[in-house]
Amino acid sequence: MLSKEQGVIKDSDYYIYTPSTQAQNLFLYPLITGYFRYLPGYCLRRTSLDSFLIMYVKDGSCEISLENRHYHAQEGQIVMLDCYAPHSYYSSRGWNALWLHFDGVCARGYYDAIVAGGSPIITLQNNYRFEKYLHKVYLQFKNGPSAKEALLHNYIVNILTELLISQDSKNPGAMSASIISDSIAYINDHLTEGLSLNELASQASLSPFYFSRLFKKETGFSPHSYIITTRINNAKFLLRTSGLSVKSICFSTGFTSESSFCTTFRKETGMTPSEYRAFVQK
């Protein structure tokens, strides 16, 4: 449909979509998408609109107001707005933008993770993948055939993933997350070995005290608890899927004695390994 909105050039187009109840329960879904050319002096103010907005500024620049904070977006930048909150955008120069209003069961989580209390203006090092998937959503409606909701969901996830990766790379905690990710990979590769705190801290080039704090912050587990939980999960898998004896599973998952294994397994699951195997094989 062509826009009849004041301050928008007449050949600007937009498309409204009503998601199915299945999409509303399962997916991220588009609500409105379009390509608008805004005239100088255009201004929009809303108290609320039940969606989130991604706006890719293709040319020109605009001003953004969100919850009494003001931001400037220019060519090549992306605006991500929580339209449930009061917001406005306007420009004395005018701008062109490809935009998408979307929502869904995990939309709020994506928004919070991407914006994280900071600026809603995002600059990507490379806009190619982001623009490709945003344009795909737009073309699904512009070209006319009925859109497949699972495919639209996939496009929106790809769009948000590009934004999320970009924000993660700017996050001061990204290095910490990378260190702990490497430590987890090391644990998984050496699960049958001793894996002392000192060894893990040394592998990460950190003091044991700082490593423990960082590991807990990133995973929610202490290093010891993470190792024990991973070993027990591995043991549960082997009890379900193999004919190995309890003793063999004990040593193949990194425990040093059968009695220690059985005690820990019961503490974690409420059952002995043999009871667990009998229960899951019923």
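The values are calculated or read from the model by the stated rules, or taken from the named source; none is laboratory data. All values derive from a computational prediction rather than experimental measurement. Cβ: placed from backbone, ideal geometry, glycine included. Neighbour counts: every protein chain shown. For the accessible areas, the whole protein counts, side chains as well, though only heavy atoms, and no ligand, DNA or RNA atoms are used. Shrake-Rupley method; radii C 1.70, N 1.55, O 1.52, S 1.80 Å.
For the reader, a short list of remarks on this structure follows.
- Within the range 229-242, residues that are within 17 Å of Ser257 (Cβ to Cβ) and of a type in the set (Gly, Ala, Ser) sit with their Cβ atoms under 7 Å from residues that are modelled with pLDDT of 95 or more and in a helix (DSSP H, G or I), at 6+ positions apart or across chains, in these pairs: Ala235/Ile249; Ala235/Phe265; Ala235/Pro273.
- Within the range 253-268, being part of a helix (DSSP H, G or I) and open to solvent by less than 90 Å² (accessible area, probe 1.4 Å) holds for Glu258, Ser259, Ser260, Phe261, Cys262, Thr264, Phe265.
- Residue match in the range 1-19 (condition: among the aromatic types (Phe, Trp, Tyr), touching a residue at least 60 places away in the same chain (Cβ under 8 Å), open to solvent by 20 Å² or more (accessible area, probe 1.4 Å) and within 16 Å of Phe141 (Cβ to Cβ)): yes
- Residue, farthest from the chain's Cα centre (by Cα), within the range 193-235, restricted to residues that are of a type in the set (D, E, K, R) and open to solvent by 50 Å² or more (accessible area, probe 1.4 Å): Glu193
- Filtered residue count, the range 85-117, keeping only those that are in a loop (DSSP other than H, G, I, E, B), in contact (Cβ under 8 Å) with a residue 24 or more places away in the chain and open to solvent by 20 Å² or more (accessible area, probe 1.4 Å): 6
- Residue that is farthest from the chain's Cα centre (by Cα), among those in the range 37-82 that are closer than 21 Å to Phe102 by Cα, in a loop (DSSP other than H, G, I, E, B) and small (Gly, Ala, Ser): Ser48
- Total residues in the range 118-152, condition open to solvent by 50 Å² or more (accessible area, probe 1.4 Å), touching a residue at least 12 places away in the same chain (Cβ under 8 Å) and not in a loop (DSSP other than H, G, I, E, B): 6
- Filter result for the condition that a residue is modelled with pLDDT of 95 or more, crowded, with 21+ Cβ neighbours inside 10 Å, out of contact with any helix residue (DSSP H, G or I) (no Cβ under 8 Å at 6 or more places or on another chain) and among the aromatic types (Phe, Trp, Tyr), over Tyr42, Tyr56: Tyr42
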